[in-house]
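The values are calculated or read from the model by the stated rules, or taken from the named source; none is laboratory data. Note that the structure is a prediction, hence the values are computed from the model and not measured. All Cβ positions, glycine included, derive from the backbone under ideal geometry; neighbour counts span all protein chains shown.
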Amino acid sequence: MTGGTPVLLEMDILITEDLQSPAIDALAAKFSVVREPLLWKDAAKLKAALANARTVMVRNQTQLTADVLGAATKLIAIGRVGVGLDNIDLPTATQRGITVIAPLDANAVSVAEVTLGLLLALARKIPQADRSTKAGGWDRRGCTGIELAGKTLAICGFGRIGKLVAKRAAVFGLRLVVFDPFVKPGDPTLAETGAVLCGKLQEALARADFVTTHSPLTPETKRMFNAQTFAAMKLGAFFVNTSRGGVVDEVALLAALQSGHLGGAALDVREVEPPKERSAFETMDNVILLPHIGSFTHEAQARTFEAVCADLERLLRGQAAVNAVNRPAISR
Ligand code: NAD
């Protein structure tokens with residue numbers, strides 16, 4: 001769809017996924033906006049379209065690799081609607097003079113809240129109780145859960161979301177252990193929440209009744225939750241992942257659940273999204289599966305779209321962006 005005037009170029013903003021927001025509609029009244037919701041699926045078509053775009057707006061499905069960005073000779077900015085930059089080759093974008101916009105704070109509260117929701121749902125068997133009651137049952141004994149209070153939660157990745165989870169979890173009376181190689185012992189949120197910083201992931205896992213992960217997906221964190229690390233967890237521990245599917249070896253997680261070593265798991269994110277085929281996860285009563293909705297609240301979506309759209313407009317008008325996550329090496 002192309003918007004009204006003024007049209008700076010044939011395509012000021014290319015949208016390569018199914019993104020909808022009043023903030024985009026407002027932009028389309030001022031710039032030429034082309035919406036191609038399925039373009040992310042076809043790298044060749046994506047490259048061809050990008051050659052004619054001044055800016056591009058993506059969520060997490062579009063893979064903006066060095067190869068794809070190589071074709072984007074007119075591109076001045078990438079607007080990432082969300083957090084997690086693993087689908088964007090940031091060094092290449094920076095080197096090619098492309099500003100990457102990502103409003104990093106916009107959805108952290110929503111992801112922290114869904115994480116607490118999943119911890120509570122696992123502990124109190126809320127999905128199981130809902131399913132059995134709707135099926136006509138009244139199985140109070142079968143739905144007996146455990147309290148969060150007094151248990152230990154391991155938080156892997158103590159950044160924006162990890163810290164918000166810690167503050168909320170502390171209010172529930174959870175004891176906290178943290179693994180994050182980049183966090184210093186003097187970090188004030190450790191003292192504020194009473195969290196204990198562990199030098200090794202295994203050390204944190206061995207102490208925890210619940211484990212939640214909030215690290216980015218990087219070569220170091222890829223499949224950091226694997227057969228070895230699941231084995232390091234306590235018998236019956238619960239595992240929650242609202243970060244990126246790639247940090248988990250799903251085959252190893254399935255094995256840990258099937259053997260009974262883990263008591264349950266909740267996954268908002270998967271290695272392949274949506275998963276190409278059904279797996280045994282779908283059949284397990286103690287597994288909660290969400291379709292990557294950590295940031296899907298009305299508040300977080302509005303904040304994110306408004307911030308990205310405002311920055312794309314600034315850049316298209318030659319002004320500086322507010323939510324840039326890089327400093328382009330050259331200016332375009
Ligand atoms: P952040 O950058 O503020 O925090 C990430 C933390 O992970 C940092 O403190 C970093 O030091 C730490 N870290 C880096 N390498 C690590 C390692 N090897 N082991 C342990 N910790 C490590 O990011 P954030 O805003 O808190 O977001 C965390 C992740 O959550 C994002 O990268 C993204 O993948 C994911 N996320 C998911 C959703 C969703 O919808 N489910 C929404 C937003 C973000």
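Let's see how each residue does on (1) buried (at least 21 other Cβ atoms within 10 Å of the Cβ); (2) outside any helix (DSSP H, G or I); (3) more than 23 Å from the chain's Cα centre (by Cα):
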{"position": "Met57", "(1), (2), (3)": "yes, yes, no"}
{"position": "Gly82", "(1), (2), (3)": "yes, yes, no"}
{"position": "Asp86", "(1), (2), (3)": "no, yes, no"}
{"position": "Pro127", "(1), (2), (3)": "no, no, no"}
{"position": "Cys143", "(1), (2), (3)": "no, yes, yes"}
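Scanning the stretch 277-303 for residues that are part of a loop (DSSP other than H, G, I, E, B) and under 21 Å from the mean Cα position of the chain (by Cα), we see that the one that is surrounded by the fewest Cβ atoms within 10 Å (Cβ to Cβ) is Pro291.
Checking each residue in the stretch 159-188 for being within 14 Å of the ligand (Cβ to nearest atom), in a helix (DSSP H, G or I) and crowded, with 24+ Cβ neighbours inside 10 Å picks out Ile161, Gly162, Lys163, Val165, Ala166.
Would you check if there is a residue in the stretch 257-273 being of a type outside the set (Ser, Thr, Tyr), in a helix (DSSP H, G or I) and under 30 Å from Ile88 (Cβ atoms)? No: zero hits. Evaluated against (1) within 30 Å of Thr212 (Cβ to Cβ); (2) assigned to a loop (DSSP other than H, G, I, E, B), Gln319 falls short on exactly one condition, (1).
Just one of (1) part of a loop (DSSP other than H, G, I, E, B); (2) under 30 Å from Thr144 (Cβ atoms); (3) away from the ligand (no atom under 16 Å from the Cβ); (4) modelled with pLDDT of 95 or more fails for Ala252. It is (1).
May I ask you to verify whether Leu205 is in contact (Cβ under 8 Å) with a residue 24 or more places away in the chain, more than 15 Å from the ligand (Cβ to nearest atom) and either surrounded by fewer than 17 Cβ atoms within 10 Å (Cβ to Cβ) or not in a loop (DSSP other than H, G, I, E, B) (or both)? In short, no.
Pairing residues of the stretch 53-69 that are touching a residue at least 24 places away in the same chain (Cβ under 8 Å) and within 18 Å of Val272 (Cβ to Cβ) with residues that are in a loop (DSSP other than H, G, I, E, B) and aliphatic (A, V, I, L, M), at Cβ distances under 6 Å and at least 6 apart in sequence or on separate chains, gives Arg59/Val81. Cβ-Cβ contacts under 7 Å between residues 6 or more apart (or on different chains), taken from a first residue in the stretch 95-119 that is on the phi > 0 side of the Ramachandran plot to a second residue that is part of a loop (DSSP other than H, G, I, E, B) and surrounded by fewer than 19 Cβ atoms within 10 Å (Cβ to Cβ), are listed as Gly97/Pro328; Gly97/Ala329; Gly97/Ile330; Gly97/Ser331; Gly97/Arg332.
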